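The values are calculated or read from the model by the stated rules, or taken from the named source; none is laboratory data. As the structure is a prediction and not an experimental result, all values here were calculated from the model. Cβ sites come from the backbone with ideal geometry, for glycine too, and all protein chains shown count toward neighbours. Protein only, heavy atoms only, side chains kept; ligands, DNA and RNA dropped before computing areas. Shrake-Rupley method; radii C 1.70, N 1.55, O 1.52, S 1.80 Å.
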Amino acid sequence: MMDNERIQMPEGQDLKAEIERLRKERNAVILAHYYQESEIQDLADFLGDSLALAQAARTTEADVIVFAGVHFMAETAKIVNPERIVVVPDMEAGCSLADACPADKLAAWKADHSDHAVVAYINCSAATKALADIICTSGNVAKVVASLPADQPILFAPDRNLGKWVSKQLDREMELWPGTCEVHVRFNEEKIIEEKKLRPAALFIAHPECEPNVLRHADFIGSTAQLLAFVKDCPAPEFIVGTEMGILHQMQKIAPGKTLIRTPGVTGGPECCACDQCPYMRLNTLEKLYLCLRDLEPRIEMDEELRLAALKPLERMLAL
Ligand code: 13P
Ligand code: SF4
């Protein structure tokens, strides 16, 4: 089917009703990340951080997995559940961290450090995962690193900031790959100090992909799911949220009485520059979600040898 044919929508179509109809007809499950737009979050069968989504993808018995997130997340779903058809709303939804660490470069780094174990953050391609000894997510990174013997030297890729954060927490040296998330590194230390002064009752909570000079002002650091749980359980009335703004939708739902403030970015308030929006996550729309369910494409396909190689370090993480 031609691309321009694919994007044509029948006029007057009720998208949500059509998605509902197709979901049943295809026996499909819709998995969505917290950074997706609110409408997608609201119709997902399962919503989670990258760890919970990998676990959900592994156990689903649906015939089709519609993955509303970015490419590496959908690839992970295919790695752990190869019998299912995995489709994505937009194949171009990538990630700056995955782009920062291509498999050939990681292989060269690994060859220069043959006595090191490789811990790879899940934000990387299947080919990069295949070179790792174990995968981690932002939700389990400390547990994963601590699972390796204390005298085992470690290469950590691709997120430098996540690596630094866990290294400090565990007081454990690691060699760090210099990748970063292009969204989280935009948060600005001075603006956060100003915001905290303006709002003395607010707690600043942040994702560990932020720069260390931003993280040192955080009252709590965690994965998206951990940030959500913190806002729900903590009695504080106000939170400055240091991560992608898509998560505010769920935060407001689970903690309706709390005030949530978007983190100011590099050029000033987030409203002026959308600094806190992931351009890859935002490529997914309700229309594209409908189309991938209708056409069962674009599809994630993977060479079996590569899949098995990437599965090994993923299974090691999931077993923890
Ligand atoms: P989580 O592991 O918290 O889902 O984060 C994934 C991600 O891409 C953060 O930018
Ligand atoms: Fe990748 Fe950053 Fe987007 Fe997360 S927010 S998917 S790490 S670019």
State in Å² the accessible area per residue of region 35-120; use a 1.4 Å probe, count heavy atoms of protein chains only, and round to the nearest integer.
37 Å²
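In debye, nearest 20, what is the charge dipole magnitude of region 138-239 about its Cα centre with +1 on Lys and Arg Cβ and -1 on Asp and Glu Cβ, if you could check?
In total the dipole reaches around 180 debye.
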Ellipticity estimate at 222 nm from DSSP helix runs (n ≥ 4, -39,500 (n - 2.57)) divided over the chain, nearest 500
-11500 deg cm²/dmol
Run the numbers on region 1-120 and let me know its relative contact order in percent, using alpha-carbon pairs under 8 Å that are six or more apart.
18 percent
Relative contact order of region 148-239, pairs being alpha-carbon contacts under 8 Å that are 6 or more residues apart, as %
24 percent
Can you tell me the convex hull volume per residue for region 87-175, based on C-alpha atoms, in Å³ to the nearest whole number?
99 Å³
Considering Cα pairs under 8 angstrom that are at least six residues apart, work out the relative contact order of the chain and quote it in whole percent.
22 percent
What chymotrypsin sites (Phe, Trp or Tyr not before Pro) does region 182-230 have in DSSP loop regions with at most 15 other beta carbons within 10 Å?
none
Treating only the Cα positions of region 176-288 as identical point scatterers, give the base-10 log of I(q)/I(0) from the Debye formula at each q in 0.10, 0.16, 0.19 Å⁻¹.
-0.27, -0.70, -0.99
For the chain, build the charge dipole from Cβ charges (+1 Lys, Arg; -1 Asp, Glu) around the Cα centre, then report which of 121, 279, 255 sits farthest towards its positive end.
255
Give the carbon-plus-sulfur fraction of the accessible surface of the chain in %, rounded to a whole number; probe 1.4 Å, heavy atoms of protein chains only.
50 percent
State to the nearest 20 debye the size of the charge dipole of the chain about its Cα centre, where the only charges are +1 on K and R beta carbons and -1 on D and E beta carbons.
820 debye
What range in the chain is the longest one free of GluC sites (Glu not before Pro) that are in a loop by DSSP and have at most 14 other Cβ atoms within 10 angstrom?
174-300
Which one of 54, 147, 132 is farthest out on the positive end of the charge dipole of the chain, using unit charges on Cβ (Lys, Arg +1; Asp, Glu -1) and the Cα centre as origin?
147
For the chain, build the charge dipole from Cβ charges (+1 Lys, Arg; -1 Asp, Glu) around the Cα centre, then report which of 13, 70, 227 sits farthest towards its positive end.
227
Given backbone amide H placed at 1.01 Å from N, residues whose amide H is under 5 Å from that of residue 179, ignoring those fewer than 5 places away on the same chain, are 160
